[in-house]
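Report on the following structure.
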Amino acid sequence: MRFTTEQIKDLAAEERRMDSGVSMFVITNGQRRSVRKEVMEELGLVNGQTASSTIVIRISELELAMIRSEIAIDKACAGIAKRVRFAKLAAKSFRGLK
């Protein structure tokens, strides 16, 4: 799998965030894996600790669930915004009929 220059820059930036303590991580197979703070807290993990494949799978499951919920919220907000715009247009048109 080839990475784009932009993806490499993003990975390097995340490495720097882990180095500086901004991003939390676990170590698995000798590699750091960035983990959301909420997931670390949910699973009782400590920043920098070693994590087995079982723990890494659970981390991935929780992060995927969070991403899916964020997408659902974004879609819902977009739908609400669309309905609000439509309602404003309808109200404006209705006022014009008077």
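Each reported figure results from applying straightforward, stated rules to the coordinates on display, with no laboratory input. This is a predicted model, so every value here is computed, not measured. Because the Cβ atoms are built from the backbone with ideal geometry, glycine has one as well, and the counts that use them run over all protein chains shown.
Give me the count of lysine pairs in the chain whose alpha carbons sit under 23 angstrom apart, restricted to pairs 8 or more positions apart or on different chains. All intermediate terms of the calculation are to be shown ahead of the outcome.
On the way: LYS9/LYS37; LYS75/LYS88; LYS82/LYS92; LYS88/LYS98.
The number of close lysine pairs in the chain is 4.
Work out, in µm²/s and without decimals, the Stokes-Einstein translational diffusion coefficient of region 5-97 at 25 °C, 0.890 mPa s, Rh from Kirkwood over C-alpha pairs. Don't jump to the answer; show the numbers that get you there.
On the way: Rh = 16.3 Å.
Here the translational diffusion coefficient equals 150 µm²/s.
Can you give me the distance in nm between label points at GLU61 and ALA12, each placed 7 Å from the Cα along the Cα-to-Cβ direction?
Rounded to a tenth, the inter-label distance reads 3.7 nm.
Which order results if THR50, THR5, THR28 are arranged by neighbouring Cβ count within 10 Å, fewest first? Walk me through the numbers before you get to the answer.
On the way: THR50 11, THR5 7, THR28 16.
By the 10 Å Cβ count, ascending: THR5, THR50, THR28.
Would you compute the Debye intensity of region 23-66 from its alpha-carbon atoms alone, equal scatterers and no solvent, and pass along log10 I(q)/I(0) at q = 0.16, 0.24, 0.25 Å⁻¹ to two decimals?
Result of the Debye calculation: -0.32, -0.75, -0.82.
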